Structure formats: structure tokens, C-alpha cells
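What follows is calculated from the coordinates using simple rules that are stated; it is not laboratory data. These numbers come from a predicted model, not from an experiment. Glycine also receives a Cβ, built like all others from the backbone with ideal geometry; neighbour counts cover every protein chain displayed.
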Amino acid sequence: MDSVIEQQRGLHEDIERYETLAVDLFLKDVKGHKANLLQQHRLSEIASRVLDRTSTLSSLYADANGTRASEIAALSGSGAPDDLDEFYDRLVRVKEYHRRNPDAPVDGLRAELRTFEEDEPMEGTEGDMLTSLFSGEENMGRFLDLHLSHEAYINLKGIPRRLNYLQYLDEFEAVDALPKEVKRSEAYAKYLTELVSYLESFFKRSRPLQDLEALEKEALESFDKQWEEGTAAGWPKEEPKANGKGKEEGKGIWDPVTQKFYTNENVYSAVKKSKKYQNALKRLQAAGAPTDPTTSAPSSDVASLRRSKERLLASQEALLRLLTTLLASVRSDTKSEVERRSALTSREREQELEEEEVVPLPEPAAEGAPGEDEDEGRIYNPLKLPMGWDGKPIPYWLYKLHGLGVEYRCEICSDYVYNGRKNFERHFQEARHAFGMKALGLPNTKHFHEITKIEDALALAEKLKAEGKAEIAASQSMEEVEDAEGNVYDRKTYEQLRKQGLV
């Protein structure tokens, strides 16, 4: 229906029901990290929907096109006591709407609110969504996963020292001490942007109810004051100097490419021949910036552009320090977890995987109550174990016993992969391998057992063929023949003498 008044009434009702639901969720006692995180995400989603409806209400009350005012005037009538024309027109429209939509839900919001009230999320909804928000290393928002950032950091050129992952967790926000040559590189700008983006994403995913935007706005305002005063950490204010470095005009050469003042013409000529200088010169020419040397250092656009880039990097570093402070507890837990896992043996790690595989059994149903079939529902198989005869994953110890985690690839079988030594040895007598050997024109005999590469199979066939010819020749030379007089010769000598008519 197109009534503005009815839309406003419905939006007010939705907001009140969402607020009541939020209060009920706040009062509900939840236990466990996952349940608490799920509740926070639900409350965040409710707050988002309330804000959307409030924004819509605000626009309707503003009445920019005058629709609400005209509807109120129409409802007021002309003043005559029996003027019910508008009422009957609306009644006809209401009946027509319900005639065209007989199955329209009476309370469509009720089903939506019911999903927020459930203790356990249904499959394919919030449970899967919450699991997909975090990587395995993050463990549902308990720990940070900075492996990609650490790899990008140790690949930066010019950093003072290479840090291992534990050291990086201790010092990843300490970027003030890095040389300016490192900070001005494109690789550092990309590394810093990706690191801040990851920390922001992790904060929003692990703490959805906290207003990160307000905290970042406050931090950036404080940074702006520090930048103007020249007290920003790691970026002191550079005082402008006459002719670049205090040199008298006409006593040297100011180069806009390197932003330096040269008093020795030979040194300047050598610098111009370097590959780094030529690349910088091409970038400035492509940007349309002046590249001609002068005897004075003007306040050029290049210097201001570089200063603006430095300000952007400095603001990112300020956000990095803010996020590191907010995630201090998570950072400490991450360091403890990395140290604990590094001290585990391979067997202990396997035991952890086995424990994660175990699913708590459901409580037995009351006597007489209809129980659910055990085989129904989604099978929990995080290790991707093969299915057994009963349609369930085989035990992990059996998986390790048969070596099913070891892959064997056979090129003759079109690069098919066999899991486990037993399956690999069995496949040499199966139809897939026999068909591959037939396509190569080779017999599927025991000589070719354990051969999986086409090149090796063809080479072995040639070798067997050569050995077969040698055996035939040897057998002919070893055959003995006796003449009419009783003299014994080998086959080859006898044939030669017979051809000469000597025997």
C-alpha cells in the first residue's frame, strides 16, 4: 500500500520490536567465546537495521515532495460531516491489495525476529557465516594471523634487521625507527596499507559492537594537530631552507628529480647516469612535473606532493598504533599461542586435530519422545577423511596407519592421484592403468610394475626389446648340431660349413 502514514506507523513498530529484542538478547546469559561473539554479531545486525529504518523515517518526516502533507490534508476531509469519499477510496484500495495478494504474510517480521532468538543457529545461516569470518589461525577471533604481513615486511629493502614471526608480533607497530628511504618506497606503502586494513577488519569482526570509526576519527584529529606542530612520531617537520641546503644562488645546481643541491658538477653528472635517477626522471616527466635543474631550490609541486604522501603514510602509522593499543590483549594471546604451538611435538599436534574432530553427542531423548535418526544431519569432517562402509569418516588413527595422507600420482593414468601405498600398488592391475598402457602400445606385464611416467615406460620397453634380441642371438650360438661323421658344431659354425660344402 502507498500510504505514507501507514509506512511511518510500520517503521515505528519495527523499531520498537527490534529494540525489545535487543534488550532480551542483552539480558540473556551466554557462555563460551563463540556464543558471546555470535550474540554480539546479532546485536550489531539489529542496530544496523534500526538505523536503516530510522533513516527512512527521517526522510519520510522531512516530506521533501509534500506527499505526507497532502495525505494528511486528504484525511482531514473537506469539513462536511458526511464527506467519506476519501475513506471509501482507501477502503477499495485496501480490498484490492488483499485480493491481489491473498497469501501476503500478516506479520512478516515475526519469522525474522525468531532467527535472532534461537540459541543455536540453523545450518547455512549465522553458524556458517561466523565460521567463514575467521581463518583457522584466528580461531574465531582469539588470535591474530599476521603471517602475510610478516612475509611482506621481511621482503622490504633496507630494513635494519630481519625479524622472525615472534619478534615481528612484538615490534610490528614500531615503524618510527625505520629509515626514510624505506618509508618512501612503494612496497612499504602497500605493506602498511594492507596491515592497517587487516587490523581494522579483524577488529570489526571480533568486536562488532565497538565504534571503530569514532575512535579512528579522534586519533586522526590528534594526528592532524601533531603534524601541523611538527611533532608527529617518525616524521619531524622539515624547515624550508634557501636554495635547497643554504647555498648561495649561483654557487651550485638544484636538481628537482633528487630534490638535492649539488656543488660539484662531476658528482651531479655521475648521479644523472644512474638507473635510479633515470627511472625517477621518467616518472616526473610522465606526471608533467618540471625536471630542469636550476641554481636555486624553488618551492616546487614535487616537494609538496612528496610531503602530502608522507602525511598519508604518517596517518596510516597513527592508525596502526591505535589498533595495536586496542588489540593489545589479542596480541599477547597470539604470542602465547605461537610459543605454545612451537613447543608441541608432531604427535601432540595430531592429538589436537583429533580432539577438534570429536563432536559432542546429543543428549538422549526422553522415553517415548520421537528421536532423530543418527545418520541425519551434516557430517563433521574437518580433516577430509575418507568415508567408511557406514557412510561416516574413518578414524584418524586408521587413516594414518594405512598412509592415506600420502599421494601417488600416475602419469600413465592421466595424472590420477592414488591415496595410500596399498591403493597405488593395486591400481597396476586395474582397468584404468591397463587402458593407459594399451594406449602407449605396451603390454601391461610385471616388468612395468611401479612405473608411473610415460617416458620411463617407453625407455624400459626399448631396453626389454634390446635384451630380447640379445637373448635370441645367444640362444642360436649355444645350439649344438652333429654332422654325419659325428662331429659336433654350434648352429652358426655348422651353417657356414654347410654352405661351403665342407660337411
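Translational D (Stokes-Einstein, µm²/s) of the stretch 400-456 at 20 °C and 1.002 mPa s when Rh comes from the Kirkwood sum over C-alpha pairs? Can you show the working numbers first?
Values: Rh = 11.6 Å.
Diffusion coefficient, whole number: 185 µm²/s.
Counting only Cβ charges, +1 for Lys and Arg and -1 for Asp and Glu, the dipole size of the stretch 152-198 around its Cα centre is about 240 debye.
Determine, for each peptide in 13-26, 188-201, the mean count of other beta carbons within 10 angstrom over its residues, then list the peptides with the highest first.
Details: 13-26: 14.1, 188-201: 17.0.
Most protected by this proxy first, the peptides run 188-201, 13-26.
For the stretch 382-503, the residue among Trp389, Asn419, Thr493 whose Cα projects farthest onto the positive side of the dipole built from Cβ charges is Trp389.
Scoring 449-457, 380-388 by mean Cβ neighbours within 10 Å over their residues and listing the highest first yields 449-457, 380-388.
Label positions at Leu60 and Ala328, each projected 7 Å from the Cα along the C-beta direction, are separated by 4.7 nm.
Separation of the stretch 1-49 from the stretch 133-152 is 30 Å, based on Cα centroids.
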